[in-house]
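Structure first, then comments.
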Amino acid sequence: MAKLTLPSDDAAGLSVRERVLLLCVASSTDWQRAGVPNETVIGLIGKGMISRHVGGTLMLTDRGRAVLRAMLPDLLQRDGP
């Protein structure tokens with residue numbers, strides 16, 4: 001049986017490429033132009049955060065949306081002046 005984890009725990013465990021891919025999929029940005037390799041896509045599909053839609057388009061799953069929301073507080077914090 002798979003271990004259930006919190007979205008914040010999943011977000012903390014993502015690589016930079018996985019984070020970029022989630023942001024690209026959520027914003028309908030071309031993930032290939034962003035330099036994300038196919039292996040990262042396969043990995044996030046395996047983690048249940050994205051899925052392939054009709055025509056090969058990538059879509060966020062409910063889990064992917066939850067993890068993305070958990071990432072947002074970290075992305076919105078500013079350490080600048």
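Values for this structure:
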quantity	calculated
For the chain, calculated [θ]222 nm from helices alone, where every DSSP H run of n ≥ 4 adds -39500 (n - 2.57)	-15500 deg cm²/dmol
Tail weight of P(r) past 16 Å, computed on alpha-carbon pairs of the chain, percent	49 percent
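Laboratory data are not the source of any read-out in this text; all were calculated from the coordinates shown. Not measured: the values here are computed from a predicted model.
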